[in-house]
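The block underneath contains the structure these notes are about, expressed in structure tokens.
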Amino acid sequence: MKRRLMALLLTGVMTCGMLAGCGGGAAESTGADEAVEETADEAGEATESDGAAEAADSAEADAAIQERKDSGETPTVVIAYMNFAGSPAGIDRVASKLSEITEEKLGVKVELQIMDAASYSQNMNLMLASGEQVDLFNAVSVGFMPCVNKGYTLDLEEDDLIQKYGQGILSAFREDEINGCRVSGTLYGTPVKKDDAAGKFGISIPKALLDEIGFDYASLYKDGEECIYTDFDTIEDILGKLHEAHPEKTTFYMDTSSVVSQCLAIDIPSDVFGVLLDPVNSLEVGDLFTSDQYKELCSRMYDWNQRGWISPDAITETTATTVQVKSGSLMAYKTATKPGIKQQESNLCGEEMIIFQLGPDFKGSSAYNTMPWCINQNTDDPVAAMQVLNLLYSDPEASTIICWGEEGKEWKETDDGHITYADGIDANSSEYFNNVNWEMPNQFIAKIWEGNELTIWDRMQDFNDNATASKAMGFTYDNSDYSAEYTALANVYSEYQSQLELGFLDPEVGIPELESRLKEAGLDDYIAAKQAALDEWAAANGVQ
Amino acid sequence: MGQEKRFQIFGHIIMTIVTLCAVIPLILLVISSFTDNAVLVRNGYSFFPEKWSLEAYKYIFTSGDSVPHAYLISIVLTIVGTTLGLSITTLMGYALSKTFLPGRGVLTFIVFFTMLFNGGLVPTYINYTNVFGLKNTFFALLVPGLLMNAFNVMMMKSYFVTGVPEEILEAAYIDGATEFQAFFRIALPLAKPIVATIGLFIGIAYWNDWMNGYIYLTKRTDLYSIQNLLNRMIQNIQFLTQNSSVSSNASTALASIPSVAVRMSMAVVGVLPIIIVYPFIQNNFVKGITLGGVKG
Amino acid sequence: MAEQKKYKQKLSPAKRKSLLKRSIPIYIMALPGLIYMFINNYMPMPGIILAFKNYKAKNGIYGSKWAGLKNFKYLFSTQDAFIITRNTICYNLVFIIVNTVFAILIAIILSELTHKIKKVYQSVILLPYLLSAVIISYLVFAFLSAENGFINNSIFRLLGKDPISWYQEKQYWPFILVFVNLWKGIGYNCIIYLSTIIGFDRSYYEAAAIDGATKWQQIKSITLPLLRPTIIMLTLMAIGRIFYSDFGLFYQVPQNSGALLQVTNTIDTYVYRGLIELGDITMSAAAGVYQSIVGFILVMAANLAVRKLDPDSALF
């Protein structure tokens, strides 16, 4: 026995020695920042994005570019993000196209690392932990808070990095949007230009079916609006008639993962355990599951289910709603609305869809930090990384390439200023068609794909600006100290979630049961901790 | 002999039931891969679909991800992996079966210990990428985890202990054979059933594996095996239906992911070669029987 | 083991030398395997300490601060700790018994059948093992779907029974899971027994047949006793994995249906539900260490017991 132990110990010690080098490589890096001495530039508060992106070139930025070009070396910046199909065939070609711009403007080359959604989180964790070269990455799916907690992200204001080299980023956003990516005051990421708000409880129904049951939707449109804003009575009337006309089809379906977040106008910081039930007026963190909103939602779904509007297989459904509509098995489904939604859903379903909306347009506290861009703390050259990021936010040509690929290969310009597939190319044969522009730094300045209005991004900006916003805008909850409670709560919730929210369980019975199980799992402590964190945040940011 | 006959009939009845249990769902799999996707979504899986379609197969053989290429990778990987893995496993198993070997207990424990403890994903990844630089190479599919495992070594060892008696080897030594000669001429032929079995296990492990490609091939997706293609597709669907953080953008993505029929046809394509290759492996079992008979 | 000791005691210096001479080629044979094990298993092994660290990328695995047992807390501080442990262990015990019994049964039948069709049997029953868990979950769904499933739509309709919402009724799932597990693994599991049986000396059977032993008697008094070491070894190794569960079987096959969670939640699925959002590499490392340690203790204890009862069958 002793000998065995010895042998084991020996192997262990030897291996320790061999491995010890690996983790450490991270530590040095940042010191080499060239000390450009100007401190004059105080343009930190570029409050309004008034197209003055040219102001981006600060003296330091120019100096850094010049120095790089003089040195004769061209550093490479690796940019990582996810799509849904993994590394596309044209990745290196697109990267070299993008490099043409970055080399000319910044003296930097870029390399792209695109991973599919399912593996992105794990692969990023592995790459960031192992010290592989990744300079810029999007934190989507990996999670912004986990990234910050593990120390993967660089403080973007270290040595005024973003102020000196990222003016294009700062001028693309309002200050409160940037502040949304602060954790305890430190800026760890930059928001992306996307739909920040969402129209709650949208319902999408094919026009043909509405015509069939003789529902007059045309008169309900208010001028110029894409969605019909209506109430539950109207919708229930429609669903009832649809069900009567086609009892063999499923009347209504919504995918379970997003029922609460897309139906209720509540603010959900990090997770559903502790939410702001009245986010416009109050900073009180409440219990979702005892709230009237939740009960009303579940009761309504229970009622709809009892009426036979929801498929008995709804809980186990894995086919996309739009595919179900296309195949003719589904008549209505929930969707979160935004400008362009009618066009989007119609394209996906292959027929014209009418969009109804039952809730308000709402913007939750996490709007700006669900998928921020971060700089790896391990990067060799934070300045180069920041400058590339800055370019992606401010240079329309660069943004178009990272969003849509290369002109002539992936896309071509149409006569009216849109772009569309290049000749002989479609979604399948394209070598760079990622479908993830909401994750790109600034799709607002890229070219617009055919089928969307040319004014889409102006409308999106209005939509974002006009949506009802939570008082806790920009608050991020770090649940890492409560990971044990969180895991227990998440497991309890997943036991009831789909049953309650799709109406398979009587809320009179189910909700109290869920509530008591959650309480046992530590819901009260968890909510109290979230409230304390929110209070602290509010005090620090002067929000009352 | 009546009793023998009764046993044979009984055996065939049992095996027919078991085989049917295995084959019926597989027939369903094949049929659904030939079913029109809209019908599949609307009516669910059926043995007698309303409408047949070859679309799924057209899709997988013509779309951007080259299925024939992935096939080639899978086949090369399985052949190389099985050959290498089987060699080192057999040698190791044989060595551990030698009762006279000093330190045999320690070695066995070192092997067995790996079955229970491992460094975990992150350290393993760091080891293979930073120390050995396997990332985005073919070796990343071949080396990590699959080449040899404790289970196979233990099986091999126990077979050599019971199935290849030391006395037979002694006879060879007396004739002046070296250890290697004794192994190759006497022990290995006697161990054919287990070699075929472990070879099959290793082969299946290589054929079925997608984890290595998933973790180590972030850029060289041209090195993806057939299972990697299939799993990427499936995992992404899973991700989209579960992950609420991107769900507002998920609908576009989900709709662009290949249909149910395509997933089914990929699964069929992934299983097919085994049906073709397996009978050849089985022949080795039969050879094992005859040799076993001679041995007594 | 006992034999080995005897052998050693008798060694004279000359014999010892020849033993060494014989051993060197054997060590050389073991070398490639040992090198691989060193690279693949032992080099990353020190990384286990990640489970005890408060990981910060800047400091690396070894430089990060110790966190004590903090990363393990979530595995225990929950009312579900009992349920997930119970499910994991009970399912595994049932799997070990059911799979072993059926695998031996099928292996014996296959080894005795003379008709060539047995090759077909053998290939076909292996096929389910080659399907990924998600594909299996689709197939199970094809049978159990409430609206379109075969059981509800064909079988129950013929019998005039009411349809069952399978994915919402937890009482059926222990049986479904055991069955699916058996269905998937039977072809694979029986191979090892089959190859062992084929390796047996046929003269035992011939002698028994001449003595007029029935088939059943032959199986009982020759095949099963000869299989015993293999059975014990496979069971011991399965015990080492008793705290692990097949994620695909418990998560994908029940379609992650909440109503079934009481009977489908195992340690692996519990951990997964937490980590999908938390994304914490130290917590997942902790779960692995916990599973390994329990497995290690159990297998050492079981091996000790086996060594007392049947020294030749012990693993080491």
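What follows is calculated from the coordinates using simple rules that are stated; it is not laboratory data. Not measured: the values here are computed from a predicted model. Reconstructed Cβ throughout: ideal geometry from the backbone, glycine too, with neighbour counts over all protein chains shown.
Determine the relative contact order of chain A: mean sequence separation of Cα pairs under 8 Å and six or more apart, normalised by residue count, in whole percent.
22
Between residue C:235 and residue C:206, what is 0.36 nm times their sequence separation minus the Cα-Cα distance? Round to one decimal in nm. Provide the component values of the computation, followed by the final result.
Details: separation 29, 0.36 × 29 = 10.44 nm, distance 3.00 nm.
Full extension of this stretch gives 7.4 nm more.
If you count, for every residue in A:256-263, the Cβ atoms of partner chains within 10 Å of its Cβ, what is the mean?
4
Run through the range A:177-286 and list the trypsin sites (Lys or Arg not before Pro) located in a DSSP loop whose Cβ has at most 11 other Cβ atoms within 10 Å.
For trypsin sites (Lys or Arg not before Pro) across the range A:177-286 that sit outside H, G, I, E and B with at most 11 neighbouring Cβ atoms in 10 Å, the list reads A:222.
Using a/c under 1.5 as the rounded threshold, could you call chain B rounded, prolate or oblate? The axes a ≥ b ≥ c are square roots of the C-alpha gyration tensor eigenvalues, and prolate needs a/b larger than b/c, oblate otherwise.
oblate
Express in whole angstrom the spacing between the alpha-carbon centres of the range A:266-309 and the range A:453-469.
For the range A:266-309 versus the range A:453-469, the Cα centre distance is 26 Å.
Under a point spin-label approximation (7 Å from Cα along Cα-to-Cβ), what is the residue A:231-residue A:516 distance to one decimal in nm?
About 3.7 nm separates the two model spin labels.
How crowded by other chains is B:91-100, given as the mean number of beta carbons from other chains within 10 Å of each beta carbon?
Per residue, the number of nearby Cβ atoms from other chains is 6 on average.
Given axes a ≥ b ≥ c from the Cα gyration tensor, I'd like to know whether the range A:426-485 is rounded (a/c under 1.5), prolate (a/b larger than b/c) or oblate. Spell out each step's value before the answer.
Values: a/c = 3.88, a/b = 1.51, b/c = 2.57.
Oblate shape, in that a/c is at least 1.5 and b/c is the bigger or equal ratio.
Where does the protein assembly as shown land at 222 nm, in deg cm²/dmol rounded to the nearest 500, when only DSSP H runs of n ≥ 4 count, each adding -39500 (n - 2.57), divided by all residues?
Values: 50 runs with 643 residues, N = 1156.
About -17500 deg cm²/dmol.
Got the relative contact order for the range A:453-544 handy, in percent, Cα pairs under 8 Å and 6 or more residues apart? Intermediate results must be reported in sequence, preceding the final value.
Details: 36 pairs, mean separation 33.2, N = 92.
Over the range A:453-544, the number comes to 36 percent.
In debye, nearest 20: dipole of the range B:1-100 around its Cα centre with unit charges on the Cβ of K, R (+) and D, E (-)?
320
Taking each residue of C:110-123 in turn, how many C-beta atoms of other protein chains fall within 10 Å of its C-beta, and what is the average?
5
With unit charges on the beta carbon (Lys/Arg positive, Asp/Glu negative), name the residue among A:78, A:119, A:65 whose Cα is farthest towards the positive pole of the charge dipole of the range A:60-120.
A:119
So, in Å, what gap is there between the alpha-carbon centers of the range A:155-169 and the range C:36-53?
So the separation of the two Cα centres works out to 39 Å.
Among A:245, A:264, A:188, whose Cα sits farthest toward the positive end of the charge dipole of the range A:135-290 (+1 at Cβ of Lys/Arg, -1 at Cβ of Asp/Glu, about the Cα centre)?
My answer, from the dipole projection, is A:188.
Rounded to the nearest 0.05, what FRET efficiency do residue A:465 and residue A:295 give with R0 = 30 Å and r taken as the Cβ-Cβ distance? Could you check? Numbers along the way, then the final one.
On the way: r = 33 Å, r/R0 = 1.08.
Efficiency for this residue pair is about 0.40.
Identify, among B:233, B:202, B:187, the residue whose Cα sits farthest towards the positive end of the charge dipole of chain B, taking +1 on the Cβ of Lys and Arg and -1 on the Cβ of Asp and Glu, with the dipole about the Cα centre.
Working it through, the farthest residue towards the positive pole turns out to be B:233.
Please report A:243, B:12 as a ranked list, fewest other C-beta atoms within 10 angstrom at the top and most at the bottom. Let's see the in-between values first.
Details: A:243 20, B:12 17.
Ascending Cβ contact count within 10 Å gives the list B:12, A:243.
Indicate, rounded to the nearest 5 percent, the antiparallel portion of the DSSP beta bridges found entirely in the protein assembly as shown.
Counting DSSP beta bridges with both partners in the protein assembly as shown, the antiparallel share is about 55 percent.
Where nothing but the Cβ of Lys and Arg (+1) and of Asp and Glu (-1) is charged, how large is the charge dipole of the range B:90-211 around its Cα centre, in debye to the nearest 20?
Using Cβ point charges on Lys, Arg, Asp and Glu, the range B:90-211 gives about 300 debye.
Using 7 Å Cα-to-Cβ label points, what is the residue A:221/residue A:93 separation (nm, one decimal)?
Distance between the two pseudo-spin positions: 4.0 nm.
Which lysines have a Cα less than 20 Å from the Cα of residue A:97, not counting those fewer than 8 places away in the same chain?
List returned: A:69, A:105, A:109, A:409, A:412, A:447, B:219.
Compute, for the protein assembly as shown, the length of the dipole vector about the Cα centre, with Cβ point charges of +1 (Lys, Arg) and -1 (Asp, Glu) only. Units Debye, rounded to 20.
Taking the Cα centre of the protein assembly as shown as origin, the dipole is about 10120 debye.
Go through B:138-151, A:134-147 and give me the packing order, highest mean Cβ count within 10 Å leading.
Details: B:138-151: 20.8, A:134-147: 24.4.
Packing order, densest peptide first, comes out as A:134-147, B:138-151.
Mind ranking A:320-326, A:289-295 by how tightly packed they are, going by the mean number of other C-beta atoms within 10 angstrom, highest first?
So the peptides A:320-326, A:289-295, ranked by packing, come out A:320-326, A:289-295.
Enter the angle in degrees (range 0 to 90, nearest 10) between the Cα long axis of helix A:523-541 and the first principal axis of the Cα atoms of chain A, meaning the one along which they spread out most.
The helix A:523-541 is inclined about 60 degrees to chain A.
With a ≥ b ≥ c taken as the square roots of the eigenvalues of the C-alpha gyration tensor of chain C, please select rounded if a/c is under 1.5 and otherwise prolate if a/b is larger than b/c or oblate if it is not?
Oblate, since a/c reaches 1.5 and b/c is not below a/b.
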